[in-house]
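The values are calculated or read from the model by the stated rules, or taken from the named source; none is laboratory data. The structure displayed is predicted, hence computed values, not measured ones. Quick reminder, even Gly has a Cβ in these numbers, built from the backbone with ideal geometry, and neighbours come from all protein chains shown. Ligands, DNA and RNA are stripped out before the accessible areas are found, and what is left, the full protein with its side chains, is counted by its heavy atoms. Shrake-Rupley method; radii C 1.70, N 1.55, O 1.52, S 1.80 Å.
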Amino acid sequence: FTKILEKITKDKKLKNIIKVVRKKFRRRFMFCYTIKKVLNNLSKNCKEKLITNLIINWMFLGNEKRQEFAKMYGFSPSTLFVISPTMGCDLKCIDCYAGKKEQDLSYVLVNKAINEGKELGIYFITIS
C-alpha cells in the first residue's frame, strides 16, 4: 500500500516519509510487522478506510495542520478527542463520568465539534 500512497501524493516530503515507512516494513520492525499482519486480515474496504483515515488524514494532513496551529498559538493541539453525544451508559462504574445523565448533544453540535477538530488536524475521533 505504500507504493499506492507514493503515487497518490505530489508532495516530495510526503513521498520521502512514505519511503521510510516502506523501508521499516522491509526490516520487519515489530510494530510494522504487526500492522502488516493486521492489514492482511482486513477486508478491502476496511483497509482503504484505515489507510485514508489513519495514515493519510491523521498522520500526514493532520500533522501539517497541527504544526501550523502550534506555530500560530505556541502549543500543539491534541491528536485525538473523545466525544460522548448521549452520556447514556447503565454500567455504573465507580467514578466514571458516563451515566451521569446531563443533556444529550445535538447532531449539529457533534458535527460542529468534529469539523472543528478536522480544522485543527484532529482526525482521530472516538465517539463513545
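Data table
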item	result
Selected residue (only one of ILE55, ILE18 is open to solvent by less than 60 Å² (accessible area, probe 1.4 Å), within 19 Å of ILE122 (Cα to Cα), touching a helix residue (DSSP H, G or I) at 6+ places or on another chain (Cβ under 8 Å) and not acidic (Asp, Glu))	ILE55
Options LYS49, LYS7; residue that is farther than 20 Å from GLY117 by Cβ and open to solvent by 60 Å² or more (accessible area, probe 1.4 Å)	LYS7
Condition check for LYS49: part of a helix (DSSP H, G or I) and either of a type outside the set (Gly, Ala, Ser) or closer than 20 Å to PHE124 by Cβ (or both)	yes
Complete set of residues in region 41-84 that are in contact with a strand residue (DSSP E or B) (Cβ under 7 Å, 6 or more places away or on another chain) and of a type in the set (Phe, Trp, Tyr)	TRP58, PHE81
Any hit, region 43-59, residues being over 18 Å from the mean Cα position of the chain (by Cα) and without any contact (Cβ under 8 Å) to a residue 24 or more places away in the chain	yes
Hits in region 59-108 - residues which are hydroxyl-bearing (Ser, Thr, Tyr) and either surrounded by 15 or more Cβ atoms within 10 Å (Cβ to Cβ) or assigned to a loop (DSSP other than H, G, I, E, B) (or both)	SER76, SER78, THR79, SER84, THR86, TYR97, SER106
Positions within region 109-123 being aliphatic (A, V, I, L, M) and open to solvent by less than 40 Å² (accessible area, probe 1.4 Å), in sequence order	VAL110, ALA113, ILE114, ILE122
